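The values are calculated or read from the model by the stated rules, or taken from the named source; none is laboratory data. All of these numbers come straight from a predicted model, not from anything done at the bench. Because the Cβ atoms are built from the backbone with ideal geometry, glycine has one as well, and the counts that use them run over all protein chains shown. Quick note on the areas: whole protein, heavy atoms, side chains included, nothing else; ligands and nucleic acids left out. Shrake-Rupley method; radii C 1.70, N 1.55, O 1.52, S 1.80 Å.
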Amino acid sequence: MTTATLGPSRLKLVGLLGALCTLGPLSIDMYLPAFPAMARELGTTAPQIQLSLTTFIIGLALGQLVVGPISDAVGRRKPLLIGLTAYVVFSLMAAIAPTALALASIRFAQAFGVAAGFVVATAVARDMFSGMAMAKFMSMLMLVNGLGPVIAPVLGGQVLRLTSWRGTFLVLAVIGTVLLIVLAMALPETHPAEKRVPANLKGTLRTFGRLLSDRYFVGYALAASFALGSLFAYVSGASFVLQNVFGLTPQQFSLVFGVNSAGILLAGSLNTWLTGRIMPRTLLTAGLAMATAGGLGLLTAGLAGGNLLAFLPPLFLLTTSVGVLLPNAATLAMNRHPESAGSASALLGVLQFLAGGLVAPLVGAAGTGSVIPMATVMFSLTIAALLAFTILTRGDRGITNDPTPNTIPEAATGVAPH
């Protein structure tokens, strides 16, 4: 398929890329309600079960390092379709994993398919838009992406009513297959041949070095990474804390998780409406303030020995902040490097998911019999995000109103602009 054979509208493009992005939350969140049951069935401990989450997140990070430069060299479609095919295969393998260690290894490989999706979705957005147009598009993309965390735990809880945790991976394989078919038919190539850069190790390292030498890019990337790390601490520990400490059933846990994820969706809706009215840097500041306040509330509730009702409101505030924080941090970082969108997207994803991968086992190692370890990790990371933003991006004006924002380019639509 050439770029001239398909001309997606902006709404259709948001739907395609948003559906692609939901594969990550589905892959992470769907099996969370089964963590305690998995530990019992496989005869292992909570940290060993959480290892399958850690290896998946690390796989996401490393996969993006590989896919990003490749997508800059050969285009967006080929890496995406190969990655999704691998995702389906390893999802089927995860369903028959005999041990926790085998599952962790398979999840590492499975993550490379999701990594291709993350890289391509962000790179396509940068191929097509810049400035405030990109800010608005990224906000819309986050809004659709927010459906994944809302649906995943609820769907996972219902799947567990019908089958074991292994059934969740079969469902993921089906979802991956559907996405592969739809995207193969509907997603155009947005990175034309004349803009591609041959992939080689020296050039890739030079590109990553240039990105890392930009303190503004690093500041925005670290702010997003630490904030996402806080969210992953919640994702990793919540099933044990809510079920073992507060006594919720897997279905009740799924409901709480779904409500918190709905907060991300609502915040994304508000962010979409505010984008263009308020600058992305200001919105990012507000999101970081929300996250910090939520983290402080969580730690305070934990130290005070609060019950579930004292714990849930600050948890909702922190998770909700992601709907405002992440799209604006990504927009501000990506807007600085249009010439290497794939590599910039990859590095942004690597930093985010490495933070998540390193954080996930900390909660289990510190103990799952109390709220305090999870609350401490989450609060510490929100402070780190605020400091990275404040110190490293000081002096950056961010994105200003552009009287001639980019729209979908002629190469992607096959229609000459009027």
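Shown are VAL14, VAL174, whose ranking by accessible area with a 1.4 Å probe and every protein chain present, most to least, is VAL174, VAL14. Rolling a 1.4 Å probe over the protein heavy atoms gives the chain an accessible area of 37 Å² per residue.
For the stretch 218-245, there are no residues whose amide N sits under 15 Å from a probe point set 7 Å from the Cα of ARG397 along the beta carbon direction. Modelled spin-label separation between LEU255 and TRP273, with each label point placed 7 Å from Cα along the Cα-to-Cβ direction: 2.8 nm. Remark: relative contact order (the chain) = 30 percent; criterion is Cα-Cα distance under 8 angstrom and separation of 6 or more residues.
Of SER27, SER164, which has the most accessible area and how do the rest follow, probe 1.4 Å?
SER164, SER27
Over the chain, dividing the summed -39,500 (n - 2.57) contributions of all DSSP H runs of at least 4 residues by the number of residues returns a 222 nm mean residue ellipticity of -26000 deg cm²/dmol. Shown for the chain: lysine pairs separated by 8 or more places, or found on different chains, whose C-alpha atoms are under 23 Å apart, numbering 4.
These residues, TRP273, TRP165, go from largest to smallest accessible area, 1.4 Å probe, as TRP273, TRP165.
The calculated FRET efficiency for the pair LYS12 and THR300, based on their C-beta separation and a Förster distance of 35 Å, comes to about 0.20.
Counted residue by residue at 0.36 nm each, then reduced by the alpha carbon distance between them, the extension gain from THR99 to LEU212 reaches 36.8 nm.
Tell me, what % of the accessible area of the chain is carbon and sulfur with a 1.4 angstrom probe?
71
Label reach from LEU205 (point 7 Å along Cα→C-beta): in the stretch 327-357, amide nitrogens under 19 Å belong to 343-344, 347. The figure for PHE56 is an accessible area of roughly 0 square angstrom, using a 1.4 Å probe on the protein chains alone.
For the chain, a simple Cβ point-charge model (Lys and Arg +1, Asp and Glu -1, everything else neutral) yields a dipole of about 300 debye relative to the Cα centre. Helices meeting the span-like rule in the chain (full DSSP H runs, Cα extent of at least 27 Å along the helix axis, mean Kyte-Doolittle score of 0.0 or higher): 46-74, 100-128, 165-186, 215-240, 250-274, 280-303, 308-334, 341-366, 372-392.
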